[in-house]
Structures are given as structure tokens and as C-alpha cells.
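Reviewing the structure listed below.
The values are calculated or read from the model by the stated rules, or taken from the named source; none is laboratory data. All of these numbers come straight from a predicted model, not from anything done at the bench. Glycine also receives a Cβ, built like all others from the backbone with ideal geometry; neighbour counts cover every protein chain displayed. Side chains are part of the model used for accessible areas, which takes the heavy atoms of the whole protein and leaves out ligands, DNA and RNA. Shrake-Rupley method; radii C 1.70, N 1.55, O 1.52, S 1.80 Å.
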Amino acid sequence: MGGSEARRTSGFPTELTSFVGRRDEAAEVRRLLSAGRLLTLTGPGGVGKTRLAGHVARQVARVFPDGVWLVPLAALQDEAFVPHAVIEALGVRNESVRPPLDVLVEYLRERQVLIVLDNCEHLLRSCAVLAATVLAATEGVRVLATSRHRLGLAGERLFEVPPLSAPAPDEVTAGAVAAERFPALRLFADRAAAVVPGFTVGEGNQAAVARLCRRLDGLPLAIELAAVRVRSLGVDRLVERLDDRYRLLTGGSPASAPRHRTLRSAVDWSHELCTAQEQLVWAWLSVFVGSFDLAAAEAVCAGEGVDSADVLDAVAGLVDKSVLVREESGGQVRYRLLVSLRDYGREKLAELGEVTATRRRHRDHFARRAAEYERSWFGPDQAEITDRLQADRHSIGSALDFCLTTPGEARHGLRFASSLWFHWVADGIWGQGRHWMDRALEAGARPDDALTRALWAGAITSLVHIRSAAVLAGTAAPRAAADDELPVPTPPPVPAGLLAPAKSRATLASFVVLTRIELACTLVSRGRPERAVPLCREAIALCEAHGEQWARGWALRTLALAHWALDEYDSAAEQARACLRLPYTVKQHQSLARTLDLLAAAEASALAGSAERVGVLRGAVDRIWRDIGGNPVEPFPPPREALGNPAYERAYRRGGGLAVDEAVAYALGEAARRVPRQGSEVPPDDVVLTPRETQVAELITQGRTNKQIADALVIAQRTAEGHVERILVKLGFSNRSQVAAWFSARRGEGAVDC
């Protein structure tokens, strides 16, 4: 929202280690990317394709006003899921069962984005189809792919990522420090210093380090694996051991590329230096395709003489040896295997003959988690469950894939996918859930109660959404006559026992609530809103008793809709604002957009002269829908005539420039200082422009046009226009002359530093 710098690059992991060298390579990749719309970085595993792609993506982010997005594909095993992975990475919500590629093309049609498809080699056909379809249907989209093999499309440009340069023996001379000129040596020095503080490459050891980097063909992954051994072996002994190891390369397959044999030998060596327990855990952990927590590692690896303490020790040892990458976010520690090391571990697992048994343990663990999450969903832990499911999404996909590709496991896959109905529905990814359930049925699974629950929940929420939108748009039936009784069943009273929170009754409570919401929405759409009010209040009371927020948001919106249909506009606005105060509503942007839309409708009908507020709210709503690729079906007609088209359009643009938290604060009446009324000549004293906005404001003061601003700052014109619009939004101004006068005054007061 609002086109912030943080939104420009999405999905790229935080760089925990320095990026070494590659200046010339990065420049060439940028040139190729500007010259064509599809560029593939190729090269062997471990050469640094992913790291280079991420580095370049950050460098060119400002050229793509709609963002630069990383789509990690290493965890995928099902070719059909490539489009799903892209729309998930872009934050697009697909609540329908439309083909995901169609949803993606529609979303991207008018956008200027860079999509980075990372690790395509095992999904070449799907990646090629997706890239060809998207590029043919759009003009502003570019694709940067990383793969060991080309995609094979017309117009595809290739760049083979070279290894890091290392000095030849005659290039290491006394009195000169080679590490300053050769990135392979700089990388080794940087990574070795992480395990031996103060380590440097100088005259005393640079010849040995240079020989080591040459032995490793300058492959970054191989160099990093070797560098962690400095702590235990020292440089000289390390090189001696590595020389012994690499004399065995002549016995390798002549069909293998030399650099492939180099990496293989480096990984073999790391494996041999692991303890027997670490080697076994490495093999078992290779069934994980994404990151995982310690509990998941213990579930897969513990047993048969291996207890939790053994697993913890092995994980710690593999982290120390740089086999496992340790990641920490939000206080949670997770681990992952790099793709090359995961593939190596799978080879060892196959040699042990334990692939199926280990993947079944992996599946069982995540199926148990899914069942537990379903039991806990209708309660106070929804936000935490949502975060955990997001973190485990790749493991869940892998476990489901195991069920649907292993004979006799389809029924487990159907129950597993069905138990996650709340995840598919609440997160706006119903299309993914239907994909898994349909595949399970195609694989021979028989429909059961779990599937019925899942399909019912998906249908109910879709029906409520469509009918609510129809009511707001004025396309629903008019108010029914007093004697016009509808054939809508009256649900039985809520059992008293459901009002007492209990995990054993939580799933039943959730369906009782959804039933009442659906009936209430049906009554509103059929002209009986007065009968909907008590049903909504019952649903809200049940949600409150359990500390639940997702279904409560649906119930509050339906209650607001009923009040709106009864011409009780103040009450409708009150219920909409109550929904906005739920943290879960704000976190789920499709729920936020629906609630803001309903609030705008209520305020448009309730207050004289509120068209400016309505314009701001509608601008925010449409921006959210645009960002997530959703479809509000048919919004209510804006009250343009109340304010006049130009003024309404200014208010609408202001709303479109608000960040999510600003839009919510404005809707709740808490943003008067941050979002001043249109036409105000005196912005709040605490308005702060970003450094880039300050540069733009200075150029506006000089009388520059948007194109001249773009040229001066070397940015796209659309990006310059976005900065200008956000400055107007922040200051509450309607034209550039107001910005120039304000900026000149602030500069005279010394409040801004140019």
C-alpha cells in the first residue's frame, strides 16, 4: 500500500552474510534485463545464481513501480503449482476456483513488475508456460529466472554465472595482498572470519588460500563449506586435506562437468567430517523442502534409538558445519538445507532405503498439526496459527504431494487437505485447497465428512461475499412486504454448552456461527434484514465467548449490512468500525477491503457532506483490491454528485495513497492529524517526508515537471508521479504550488535539510 520502498522488493530473505564481488556480472545482468523481458541465469549448483539474482533485483527495484517479487520454486514438486506459487508470492488472493494462471495474467496486465523465478530446473515446462503466457499478455512485466538449464523460449536471453575469480600461482606475489583483487579470496576471508574472529588473508597465508580456491573452482558454496573448517584445521592443514581429497577427482565420471565434480567432492568431504549421527539426521532432514522448526525435525528424526536430545545435538552440529542454515524471525528459530545439500541428503536417504518411511513420518507430523490447528482455529490463537501455516506452507505441500503420488495414501491426502479448510478459506487461497482435494479424489480417495465440511465452508463464505456485494450495489431484491414470508429455515437455539470455550466443541461452534451468518446474509439479500439482526448477534456472542476473530468479522459485517438495509446507517457504521478494531481483520487485506467498503457505504448514506470521507475510504478500498488482485464483485455507486467530480477524485486519490495502518486509522477517526482535510493550507507540524520525498519536494519547489524529476533522480516517471502523489497525501494538499510554498517555508525555518 502506498508504494513504499519496503513494498518494492518482496520475498527476498535478509542477507545475513556480505555479498562479495560480482560487480561486473551484476552490471551485465542489469544490461541484459533492460534489453529483453526474459533473462535466465544459468550455471551449476553452488555457483551463486540465486544470490546474484537477488542482488540485481534490489538494484533495479526503483525501475519497477509495482514491485520486484521473488518466487522460490525449490520447494515445489508439483508442476501444476507454479502459478499458485507466483500468485502467493505476489500476495494475490484467489478465493475462486478459476485457473490460477488466468488470475495471475489478469492481475499483471497493467502492472510494471519484475518476477524472479528461482530454481526452475526441475519445473522447466511449467515455468516456460507461465513465462510465455504472462509475457505475451502484458507489456510491463519482466522475468528473471535462475536455473541449471534454459527455459527454451523464443526471446530468452542467457547469462552463465561464472565462478568467483581466484589468482593463478604467478599472480600471488610478495608485498601484494591478493584478496583485495580476487573475490574468491575475499569470500573465503569473510566466511572464515565468521568462525575465527580476526581471521584475514595476508602475505603469510594468501598462497595457501589461493590454492584452495583454485581447487574449488571458485564455487561460492564449496568455498563457504571449506571456510568453516578453518577453526578446527587451520589454513595449511585445510589445504593439505583438500589436496588429498581432490586427487580423487580423476576417478570421477568423465561425463560429469568438472565444476559439478568439484562441488560434489566438497560436499562429500563435508559429509565425511560429520559424525555418524549428523550424517543420518542430514539424510532424514532432506525430506523437508522449505524451512522447519525443531519440533518438526524431532518428529521426523527421533525414534529407533534416536531421541530428541540426539536430534538437537545433530542439528546444532550441522549448523556449525554450515550444512543447515539457521534463521530467526519473530523470536522463532527455523532451519533449512540449501538446495544442493538437500539433494545430496536425498541421495544418502535413498541409499539407506528409507525415503518412503521418512516421508511418511514427515506427512504424519504435518497432518497431526493440521488436525490440531483445526481444533484450535475457533479461538484466540488464529493469528498464531495463520503465521505457523504460512511458515510451514512448503512442508504442507510436500506432505500432500506424498499422499497423492504414493499408492494407497490418497485417502490420507483428502482428509489432510480437507482439515485445512479454514486455512484455504480464511487466507483467501481457496483455489489451492480445491487443487489438493480434487487431486485426491482423482487419485481414488472416497468423499468423506471432512471433505463435506471443507466444501461447505468454502461455498458459504463465497455466497456471503457475493450476496453482500449485491446488496451494497443495489442489485439484491427490494424490502419484502410484511406478509411475504420467506422459506428460510430458522436455526435451533445455540446450545448452552457451546458458549463455554472448549477445544472439543470449537469446530462445531465455528460451523454453528457460519450457518447463522449465511442465513442472515440470505435474509438481507431477500429483503428481510430485521430477521438477520438477531442471528448475527447470536453469532457474535458465540465468537466473543471463544475469543475468535475471523468468523466474528464476517458476523459484524453481515450485521452492519443488515442495519444498512434497514436504513440504520449510524448503527451500520458502528458495526463496521467494530470489525476494523479486530486485529485479524486488519491483517487479512481482503477482509479489510470489504469492511472499509461497507463503512464507506454506511457513511455515504448517514452523514450530510461526508462525500469527501467516502472518497478517501473508497480510494483506500480500491487500492487494497488492486494490490491483492481481488474483485469486490460490484461496489456501491460513489456519491460523486454530493461533492462534485474534481473534489471527489482528489479525495479518492488521497485514499489510494494511504498505507494500510493509515487507512484504518482514518476510518476509525484517529487520523485527523496524519490525513488532513483536503484544501488545508497548514499540514501538521509532525509531518515527516522520507529522504526521497524530500528530494522530490525540493525539485517541485524548483518548478520541475514529473518527467524532469524522474530524469534528475534517475527513476521511472511513474515512480516520480507516485512520490508526488504521496507527498500531496501526507500534506493534505491538492496542488504542487502548495507543496512548493510549504517546503520553502520549512527550509527557511531550517526544518528540512537539502
message: Quick check on segment 343-354: of everything there that is in contact (Cβ under 8 Å) with a residue 40 or more places away in the chain and aliphatic (A, V, I, L, M), which residue is least open to solvent (accessible area, probe 1.4 Å)?
response: LEU349
field: One residue from LEU263, LEU221 being open to solvent by 10 Å² or more (accessible area, probe 1.4 Å), within 26 Å of VAL319 (Cβ to Cβ), modelled with pLDDT under 80 and of a type in the set (A, V, I, L, M)
entry: LEU263
- line: Among the residues of segment 302-341, the number that are in contact (Cβ under 8 Å) with a residue 60 or more places away in the chain, open to solvent by less than 60 Å² (accessible area, probe 1.4 Å) and either assigned to a helix (DSSP H, G or I) or of a type in the set (D, E, K, R) (or both) is 5
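Hey, could you check segment 517-548 for residues that are aliphatic (A, V, I, L, M) and open to solvent by less than 10 Å² (accessible area, probe 1.4 Å) and say which is nearest to ALA565 (Cα to Cα)? First the steps, then the outcome.
Of all residues in segment 517-548, those aliphatic (A, V, I, L, M) come to 517, 519-520, 523-524, 532-533, 535, 539-542, 545.
In the following step, the residues that additionally are open to solvent by less than 10 Å² (accessible area, probe 1.4 Å) were identified as 517, 520, 523-524, 532, 539, 542.
Numbers: ILE517: 16, ALA520: 12, LEU523: 11, VAL524: 7, ALA532: 10, ALA539: 19, LEU542: 24 Å.
The residue in question is VAL524.
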- request: Being touching an Asp or Glu at 6+ places or on another chain (Cβ under 7 Å) and not in a strand (DSSP E or B) is the filter; apply it to segment 109-123 and report the residue that is nearest to SER147 (Cα to Cα).
  value: LEU123
query: Of (1) more than 23 Å from ALA350 (Cβ to Cβ); (2) in contact with a Gly (Cβ under 7 Å, 6 or more places away or on another chain), GLU327 satisfies all except one. Which?
result: (2)
task: List every residue pair whose Cβ atoms sit under 8 Å apart, with the two residues 6 or more apart in sequence or on different chains, where the first one lies in segment 90-103 and is surrounded by 17 or more Cβ atoms within 10 Å (Cβ to Cβ) and the second, anywhere, is among the polar types (S, T, N, Q) and outside any helix (DSSP H, G or I).
output: LEU90/SER10; GLY91/SER10; PRO100/ASN94; VAL103/ASN94; VAL103/SER96
query: Counting just the residues of segment 386-409 that are open to solvent by 10 Å² or more (accessible area, probe 1.4 Å) and hydrophobic (A, V, I, L, M, F, W, C), which one comes out farthest from the chain's Cα centre (by Cα)?
result: LEU404
- line: The condition of being closer than 17 Å to ALA222 by Cα and open to solvent by 40 Å² or more (accessible area, probe 1.4 Å) holds, among ARG186, ARG181, only for ARG186
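Would you confirm, using the coordinates I've provided, whether ARG453 is modelled with pLDDT under 85, of a type in the set (Lys, Arg) and either on the phi > 0 side of the Ramachandran plot or surrounded by 14 or more Cβ atoms within 10 Å (Cβ to Cβ) (or both)? Break it down stepwise before answering.
Numbers: modelled with pLDDT under 85: no; of a type in the set (Lys, Arg): yes; either on the phi > 0 side of the Ramachandran plot or surrounded by 14 or more Cβ atoms within 10 Å (Cβ to Cβ) (or both): yes.
Answer is no for this residue.
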query: If you check ALA506, ALA502, ALA477, which single one turns out to be at pLDDT below 85, hydrophobic (A, V, I, L, M, F, W, C) and open to solvent by 30 Å² or more (accessible area, probe 1.4 Å)?
result: ALA477
Any chance GLU106 is crowded, with 19+ Cβ neighbours inside 10 Å, of a type outside the set (A, V, I, L, M) and part of a helix (DSSP H, G or I): no
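Residue under question is GLN59, and the condition is that it be in contact (Cβ under 8 Å) with a residue 60 or more places away in the chain, at negative phi and polar (S, T, N, Q); does it hold? Spell out the reasoning first.
Details: in contact (Cβ under 8 Å) with a residue 60 or more places away in the chain: no; at negative phi: yes; polar (S, T, N, Q): yes.
Here the answer is no, as GLN59 does not meet what is asked.
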query: In the set ARG142, ARG150, which member is within 22 Å of the chain's Cα centre (by Cα), not in a helix (DSSP H, G or I) and not aliphatic (A, V, I, L, M)?
result: ARG142
query: In this structure, is ALA75 touching a residue at least 40 places away in the same chain (Cβ under 8 Å), surrounded by fewer than 21 Cβ atoms within 10 Å (Cβ to Cβ) and not hydroxyl-bearing (Ser, Thr, Tyr)?
result: yes
Qualifying residues in segment 639-667 (those that are buried (at least 18 other Cβ atoms within 10 Å of the Cβ) and modelled with pLDDT under 75) - the one nearest to GLU88 (Cα to Cα): PRO639
